[in-house]
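Structure, as structure tokens:
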Amino acid sequence: MQKLIDKVQQLEQQVLALQTEKKALNVVYNDDNDILLSIIDGAPLNTIFEAMVNHIKHSFPTYQACIMLYDKDSNEWHIETGTGIEHDLASSDGCIKQLLMETFTRHLEQNDTLLHISNAIKDDAWQNVLNRHNVDTCIAQPFTLKKQNLYGYISIFFMHSSTDEISTIPALLVYLTHRLTLALQHKSIQDSLLISTRYDAITGMYNIQSFKNNFAVMLKNAKHHFERLSLFVVEVKMEKIKIEDLDTNNIIIKNIAKRLHSCIRSSDLLASFSDTEFVIALRIKNLPDVEIVAQRIMQSMQEPIRLRGHTFLIKLTIGISSHPEHASFTELYNAATKAQENTNSKHLYCIEYYGRFCHSSAELYDF
């Protein structure tokens, strides 16, 4: 009989534990829409922090909460947002002075477990802040996201003697930390997708669409200020081995891109249209200036690329067109492409000028 009684008591304890766990999960996941919507919308980090604090406030109306961030470079703490207690924890600029921050820092550097600070801590400034908000205990969940250089705590303050939900708080803090990690992963993916839509994956240069968008602005300004522009189509010819080895191919392309970049100014545009085609747009004062740039590019490619026991000679041909002789990107690009096709082994660059193909600036005005 006693065994049966013990078994019943054991089952009752298990049911009670399950009920407590269910209640905790209800608190954790209840009204989670704001946080999830903020993450899905790609909201700024401070907006997500505010949604997290609001979630805590809605779950525990009598509690206080805040997000503390740690700057490793300056060894300073500041509060990002909170439910009210942050105004007493930090100065007007958001920095936290004293207030047990050595304890927070030391704990953050040593482990990622919950930090529990009770009212037994002997710190007058800390006690004054807690008393002002009618709380006596702090439970803080650390987060150390090294890739994003983000370190800090999600902290909840409450009156220990008046709560029966102490088991729910850790679950909520862990849940919010997971949401924060999810938000940063989502942002990282968004940033990667944004970069991939604007830049070439191998060289990091503008891709075709980004180049066209930026060139449209450049061309509009040139028309407004009566400036001259030139468009270069640079075609790269390499040995057959590069096609057979993708990794070697990418390294060579990056090297060529770096050399091209060294030949232009920061205000000029450079894009990768394909593995073998680069396009440059630059402002010039006089039409013969394009020949100087073309020669500079050729000179930058004279040094062969030595890689993995192989020597690769870089062979380029360049076609050049100009504005105002042509008034749109399409016209400029088509003219420069035709000029590039009119190069030969003796003349590696060609200038298109009113339908004529010139292999030196001296030919430009030779009618």
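The values are calculated or read from the model by the stated rules, or taken from the named source; none is laboratory data. Keep in mind that what you see is a predicted model, and the values were worked out from it rather than measured. Cβ placement follows ideal geometry from the backbone for every residue including glycine, while neighbour counts extend to all protein chains displayed.
Within the stretch 189-236, the set of residues being in contact (Cβ under 8 Å) with a residue 24 or more places away in the chain and within 30 Å of Ile154 (Cβ to Cβ) comprises Gln190 only.
State the number of residues belonging to the stretch 56-69 that are touching a helix residue (DSSP H, G or I) at 6+ places or on another chain (Cβ under 6 Å) and not in a strand (DSSP E or B).
Narrowing the stretch 56-69 to residues touching a helix residue (DSSP H, G or I) at 6+ places or on another chain (Cβ under 6 Å): 59, 65-67.
With the extra rule that they be not in a strand (DSSP E or B), the set shrinks to 59.
Residues flagged as touching a helix residue (DSSP H, G or I) at 6+ places or on another chain (Cβ under 6 Å) and not in a strand (DSSP E or B) within the stretch 56-69 amount to 1.
Got a sec? Which of Glu76, Glu86, Glu102 is without any contact (Cβ under 8 Å) to a residue 24 or more places away in the chain, crowded, with 20+ Cβ neighbours inside 10 Å and of a type outside the set (A, V, I, L, M)? It would help to see each step written out before you state the result.
On the way: Glu76 fails: crowded, with 20+ Cβ neighbours inside 10 Å; Glu102 fails: crowded, with 20+ Cβ neighbours inside 10 Å.
The match here is Glu86.
Every listed requirement among (1) over 14 Å from Gln64 (Cβ atoms); (2) buried (at least 16 other Cβ atoms within 10 Å of the Cβ); (3) not small (Gly, Ala, Ser) is met by Thr181 save one, (2). Evaluation of Cys138 against the conditions (1) within 20 Å of Leu184 (Cβ to Cβ); (2) assigned to a strand (DSSP E or B) shows that the sole unmet condition is (1). In the set (1) at pLDDT 80 or above; (2) within 30 Å of Asp268 (Cα to Cα); (3) among the aliphatic types (A, V, I, L, M), Ile154 fails one condition alone, (2). Among residues of the stretch 138-174 being over 26 Å from Glu76 (Cα atoms) and within 31 Å of the chain's Cα centre (by Cα), the one that is surrounded by the fewest Cβ atoms within 10 Å (Cβ to Cβ) is Ala171.
Output yes when any residue across the stretch 120-127 is under 19 Å from Ser59 (Cβ atoms), surrounded by 12 or more Cβ atoms within 10 Å (Cβ to Cβ) and in contact (Cβ under 8 Å) with a residue 24 or more places away in the chain, and no when none is. Working first, answer last.
Step one: of the stretch 120-127, the residues under 19 Å from Ser59 (Cβ atoms) are none.
The answer is no; no qualifying residue exists.
Among the residues of the stretch 203-219, those identified as surrounded by fewer than 15 Cβ atoms within 10 Å (Cβ to Cβ) and either over 14 Å from Thr330 (Cα atoms) or of a type in the set (Ser, Thr, Tyr) (or both) are Gly204, Val217.
Taken over the stretch 77-108, the residue count meeting the criterion of being within 17 Å of Ala65 (Cβ to Cβ) and assigned to a strand (DSSP E or B) is 8.
Answer with yes or no whether Asp71 is modelled with pLDDT of 65 or more and over 26 Å from Lys187 (Cα atoms). It would help to see each step written out before you state the result.
Numbers: modelled with pLDDT of 65 or more: yes; over 26 Å from Lys187 (Cα atoms): no.
Against the criterion (modelled with pLDDT of 65 or more and over 26 Å from Lys187 (Cα atoms)), Asp71 does not qualify.
Residues in the stretch 305-339 that are polar (S, T, N, Q) and either under 18 Å from Asn255 (Cα atoms) or assigned to a loop (DSSP other than H, G, I, E, B) (or both): Thr311, Thr317, Ser328.
Apart from one condition, Ser210 fits all of (1) among the small types (Gly, Ala, Ser); (2) out of contact with any Lys or Arg (no Cβ under 7 Å at 6 or more places or on another chain); (3) over 26 Å from Tyr354 (Cα atoms); the exception is (2).
Here Thr276 passes the criteria (1) in contact (Cβ under 8 Å) with a residue 12 or more places away in the chain; (2) in contact with a Ser or Thr (Cβ under 7 Å, 6 or more places away or on another chain) except the one numbered (2).
Checked against (1) closer than 30 Å to Ala327 by Cβ; (2) at pLDDT 90 or above, His225 passes all but a single condition, namely (2).
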